[in-house]
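J.: Attaching a single structure in structure tokens format; questions to follow.
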Amino acid sequence: MSRDAAKEKIAHLHCTYFLGHSLFLYFYLINSETVHSLKFKLILLVLLSSPDSAAGQSPVYLSKWKTFDTVDPYLRLFIDSTNSTDFVSIPADRLEKIPTNSLKQTPARSQLLLPHYFSITLINDQPDTAHFFFYISPQEKIEVRSYQTKATSSVLPITKKIRGSINRQLYPISIPPSDTLRCLLKIHFQQAPLDSCYFFLIPSAQAGSFIWYWDGYGGQDLFTLIFIGMLLMMGIYMMVKYSQVKRNEYVFYSGYIFFMAIYFVIKQGETKEVLFFSSSRFIYGYAERMAQIAAYAMYFPFFQSFLRTKQTIPGLHRQLTYASYVLCGYALIDLALMFLPHLIQIQFNLWSWMRIALLTWTAYAAITIWRKKQGQISYYLVAGGASLGVFAMLAMLFSFYYQLIASLPAPLSNPLFYFELGIIIELLFFSAGLGYKNRLDEKEKVSAQQALQIESERQQFELYRSIAETREGEQSRIAKDLHDGVGGLLSGVRISLANIKNKVTLNKDDELIFARSLDMLDGSMQELRRVAHAMKPPSLEVFGLKTALRDYVEAINSMKTLKIVFQTVGNERRLASEQELIVYRIVQELLNNVVKHAQAKECLVQVSYLSAHLSITVEDDGNGFDTGQESNGMGLTNIHQRVEFLKGGIDLNSSKQTGTSVQINIPFK
Amino acid sequence: MAIRVFIVDDHPMVIEGLSSMLRSQVSIELAGFATNAASCLGFFVNQSVDVVLMDINLPDNSGIELCALVKAKSPITKIIALSNFDQLSYVERMKESGASGYLLKNTPLAELMEAIETVNAGGAWWNYLEKFTNQMEAKQVMMLTRREKEVLGLIADGLTNVEIADKLSVSSSTVDSHRKNLISKLHVKNTAALVRFAFENKIIGSHI
């Protein structure tokens, strides 16, 4: 295979890079001719010298010309014409007269607003300096971005760089003797629409013979630059996100985005750089492939960790892992082939088939995920992939049938734009999916935490209750034994003794002793009742909290030292018996405080059954205490704990002037 | 004519003591005794007495219920509770069940006799009840506690929850709970109605 044919092949394969995500690749492989259907006519005219040509007024004469029908402004296509026989040579006597005016009025139909890059290589094989002029028609703005000459002695030193524009004038360039000039031109097609363009290279009178190459390129555009910027920002954002949530899919995702960005950067760089050194074209080709391989190498693990395929679809998980291995293997083979330039054909074919395999794999994975219905998350993934596929196909279609979009304003007229749009939409879906998954995970985490908290609260409650139950049960048993057993016996003894007293006549001293004994017995019985009652008020279980509290209040009232007003509001509602006991203990504690410390005259105990909770207020007119002082030894901590245990609230307020007021609110379950 | 007395108590010793005590009284005729509710009711199937001395704490049923059952079977029988319970609630329950008197077991014979005679004559013996001084029924028009009046006064002064909380050095949720309690207690719909109530009853911040 000749070098030219190889280059042609390379050019074709490069086309597929852009269209890679599309199954149209198959069509391309079936019929590679399709790619030529895109027409953009660039006519290169090499003119014989004309002393007056600088003025652009006199007729100029064609010496050689060629029409490049296949120059594709977007899909890189390579036209290499080292062989000047490619050009039609026109005998001097049949030189065509071309009036410059007519060139300016070339009818135009399609629109090409994007700047385009062209490079020209001129080799001066004469001992004299050669002079040329550039001219382009219709009058478009040409920027000579750079040019350089290769001194025969050194390897590609850049001897001179100029920037400037040619507009409506001839642009002069000169080539030192026995030197090569490579020139990068950026052409702004400002006078669009046009469908053909004449590019003139006019040797001056002194010019010697020269050999030249011509290479045309699709343009760089603002949209792609913004797109790359967006990719980079997104990649950075995903890295930041990873540092927050520590989930693997963010690493893979940002990796995928970064490599995509690198891929597009390479594409952009290629536009400029490859024009100068055709050898670097292969390096770029390799870099491009590797960027894609790396992107895919991130893509599959992203699939895996995003959908947790290891747990949900283990079969697919394994296959995706194999795909990653295959990618690594391919990367190594490709690297090896880089050192075997004569196998370039194999290298490109391999890559083509690799792409087909990857696409098939991806499609298979997407279908599997779709069929397995892995919840809403998989829809994001499949929708993202599908939109990329659709847009990639559009891009492919438009690059084949360029006229479909040619009349649209930039960047819509650029097929690459559709591919980029596809990636944007895909990334939006994926990001939304990640966000959605993140939210799900958060929810899960929160509910798990809540469940844990509820469980620990419940355990605490159970513990407290079992302790309380055991203690109270014990107390209750002792109280009952004391009251019913010992109390009953004492009652019997008391009655029997009273009987004896009635029957037996005692002397005065003995009678006194006897009466004192009876009094002491009465005292013991009273004390016994008091103790039993304090342990477990029998009325609490039988009649409920309200009654038990009133009994307690009345018991204090009967001592005549403190007057307690007992009020109830609303209809009584029973709480669970252990809760009632806790509330009873709280009020007992509060009233004990009033009796022992407050030196109050009056006290209010109000039990209010309100709609959602039980509210109990204990208010006295005593001397109060400092609520800020926690170590007041009045069991306040204990009261707080008990209220908290019942999930209730407490308002404790005390002042020297008005006394103490405590309100507790206990919710009904 | 002697007063026929029946004793119900789960402690034989008490029954014995009471019996020997009452036997010495000419005005009393001891009709029988029971150590549980069932045998007591069995007695009343075809007999009757004037007065029953009834313990509240019985093994098979409480004296409170037994009292009502006996009264149902024999309405003319008067019942005096003779118990070790010294709580107001028991006294009240016995009264509600139809008892005519309440005595603690260490009551002196003289008082017991007086009670039996009073009850038998159609009277009641609630001396023990008098021990509980109170005005239980004294329903207060204003059921608001001092603290609630304070909070209501501040609400009426137009202070917000946060301001009140600041002023009383409590949390605003505590203030809110007071506010809800007030609304619920006074059976009003909202805070505006609370404020109206405050003005109508002259509960205003500065008065507190």
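J.: Take the conditions touching a residue at least 24 places away in the same chain (Cβ under 8 Å) and facing chain A (nearest Cβ under 9 Å) and apply them to B:Lys105. Does it pass?
T.: Yes, satisfied.
J.: Restricting attention to segment B:150-185, which residues are surrounded by fewer than 18 Cβ atoms within 10 Å (Cβ to Cβ), under 16 Å from A:Ala612 (Cβ atoms) and more than 9 Å from chain A (Cβ to nearest Cβ)?
T.: Of everything in segment B:150-185, just one residue is surrounded by fewer than 18 Cβ atoms within 10 Å (Cβ to Cβ), under 16 Å from A:Ala612 (Cβ atoms) and more than 9 Å from chain A (Cβ to nearest Cβ), namely B:Asp176.
J.: Still on this structure, please answer the following. Quick one: in segment B:1-29, which of the residues that are closer than 12 Å to B:Met113 by Cα and loosely packed, with under 15 Cβ neighbours inside 10 Å is nearest to the other protein chains (Cβ to nearest Cβ)?
T.: B:Ser24
J.: Scan segment A:304-336 residue by residue and report those that are outside any helix (DSSP H, G or I) and surrounded by 15 or more Cβ atoms within 10 Å (Cβ to Cβ).
T.: Across segment A:304-336, the qualifying residues are A:Leu307, A:Ile313.
J.: Moving on to the next point. What number of residues in segment A:226-252 are of a type in the set (Ser, Thr, Tyr) and either at pLDDT 90 or above or farther than 15 Å from A:Leu427 by Cα (or both)?
T.: Counting residues in segment A:226-252 that are of a type in the set (Ser, Thr, Tyr) and either at pLDDT 90 or above or farther than 15 Å from A:Leu427 by Cα (or both) gives 2.
J.: If you take just the helices (runs of 4 or more DSSP H) that sit entirely in segment A:493-569, which of them hold at least 3 residues that are more than 11 Å from chain B (Cβ to nearest Cβ)? It would help to see each step written out before you state the result.
T.: Values: elements: A:508-535, A:538-543, A:545-557.
It comes to A:508-535.
J.: Taking segment A:615-628 as the search range and keeping residues that are modelled with pLDDT under 85 and either within 14 Å of another protein chain (Cβ to nearest Cβ) or part of a helix (DSSP H, G or I) (or both), which one is surrounded by the most Cβ atoms within 10 Å (Cβ to Cβ)?
T.: A:Gly624
J.: Let me ask you something else. With within 11 Å of chain B (Cβ to nearest Cβ) and at pLDDT 85 or above as the only criterion, which of A:Tyr609, A:Tyr584 stands out?
T.: Of A:Tyr609, A:Tyr584, the one residue that is within 11 Å of chain B (Cβ to nearest Cβ) and at pLDDT 85 or above is A:Tyr609.
J.: Right, next: In segment B:77-96, what residues are away from chain A (no Cβ under 13 Å) and either part of a loop (DSSP other than H, G, I, E, B) or modelled with pLDDT of 90 or more (or both)?
T.: Correct list: B:Thr77, B:Lys78, B:Ile79, B:Ile80, B:Ala81.
J.: When you scan segment B:50-57, do you find a residue that is within 14 Å of chain A (Cβ to nearest Cβ), touching a helix residue (DSSP H, G or I) at 6+ places or on another chain (Cβ under 7 Å), under 26 Å from A:Arg550 (Cα atoms) and not hydrophobic (A, V, I, L, M, F, W, C), even just one?
T.: yes
J.: Starting from segment B:33-58, keep only residues that are without any contact (Cβ under 8 Å) to a residue 12 or more places away in the chain, then list their pairs with residues that are outside any loop (DSSP other than H, G, I, E, B) and among the β-branched types (Val, Ile, Thr) whose Cβ atoms are within a distance under 9 Å, requiring at least 6 positions of separation or different chains.
T.: Cβ pairs passing all conditions: B:Ser39/B:Val8.
J.: For residues that are of a type in the set (Lys, Arg) and at pLDDT below 80, scanning just segment A:485-504, find the one that is farthest from the chain's Cα centre (by Cα).
T.: Going through the qualifying residues, I end up with A:Lys503.
The values are calculated or read from the model by the stated rules, or taken from the named source; none is laboratory data. Nothing here was measured: the structure is a model prediction, and the numbers come from that model. Cβ coordinates were reconstructed from backbone atoms using ideal geometry, including for glycine residues, and neighbour counts include every protein chain displayed.
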